[in-house]
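The values are calculated or read from the model by the stated rules, or taken from the named source; none is laboratory data. Computed from a predicted model, the values in this text were never measured in an experiment. Neighbour counts are summed over all protein chains in view; Cβ atoms, including those assigned to glycine, are modelled from backbone coordinates with ideal geometry. Ligands, DNA and RNA are stripped out before the accessible areas are found, and what is left, the full protein with its side chains, is counted by its heavy atoms. Shrake-Rupley method; radii C 1.70, N 1.55, O 1.52, S 1.80 Å.
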Amino acid sequence: MAAERVPTRPDDADLDERQRHVLAFEARAWQRPARKAEAIRDEFGISATRYYRILGELIDSPAALRHDPMLVKRLQRMRSARAEARSRRSLSLGRPLD
């Protein structure tokens, strides 16, 4: 009897282990940002700032989109919404910043 083979996803080869770990970590539900920042330090050994920089680059990657399209699209929408909110705040001042 032949051993059953588990199909591998070809897009997994495009992401390294750390990138897959970041996406899996980001897929978790976090109720409190402070706990998430603490978990980032514990699991990755880096600051939250560095983690979010890595995540930002990762969600722009076609390989990440192929790996988990729903998660990546959600993260891209959230990033766009935050950028739009920042833009509205700065435009709503109605006066020069100097």
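Can you confirm whether the range 47-64 contains a residue that is more than 14 Å from the chain's Cα centre (by Cα) and either in a helix (DSSP H, G or I) or modelled with pLDDT of 95 or more (or both)?
Yes, that holds for at least one residue.
Pick from the range 42-52 the residues that are more than 20 Å from residue 77 (Cβ to Cβ) and of a type in the set (Ser, Thr, Tyr): which of them is most open to solvent (accessible area, probe 1.4 Å)?
Per the criteria, the residue is 49.
Looking at the range 80-91, is at least one residue part of a helix (DSSP H, G or I), at pLDDT below 95, of a type in the set (A, V, I, L, M, F, W, C) and open to solvent by 50 Å² or more (accessible area, probe 1.4 Å)?
Looking for residues that are part of a helix (DSSP H, G or I), at pLDDT below 95, of a type in the set (A, V, I, L, M, F, W, C) and open to solvent by 50 Å² or more (accessible area, probe 1.4 Å), one finds at least one in the range 80-91, hence yes.
Restricting attention to the range 26-41, report how many residues are small (Gly, Ala, Ser) and surrounded by 13 or more Cβ atoms within 10 Å (Cβ to Cβ).
Number satisfying all stated conditions: 2.
Filter the range 53-74 down to the residues that are within 14 Å of residue 27 (Cα to Cα), of a type outside the set (A, V, I, L, M, F, W, C) and exposed (fewer than 14 other Cβ atoms within 10 Å of the Cβ) and list them by number.
If the condition is that a residue be within 14 Å of residue 27 (Cα to Cα), of a type outside the set (A, V, I, L, M, F, W, C) and exposed (fewer than 14 other Cβ atoms within 10 Å of the Cβ), then 69, 73 are the ones that fit.
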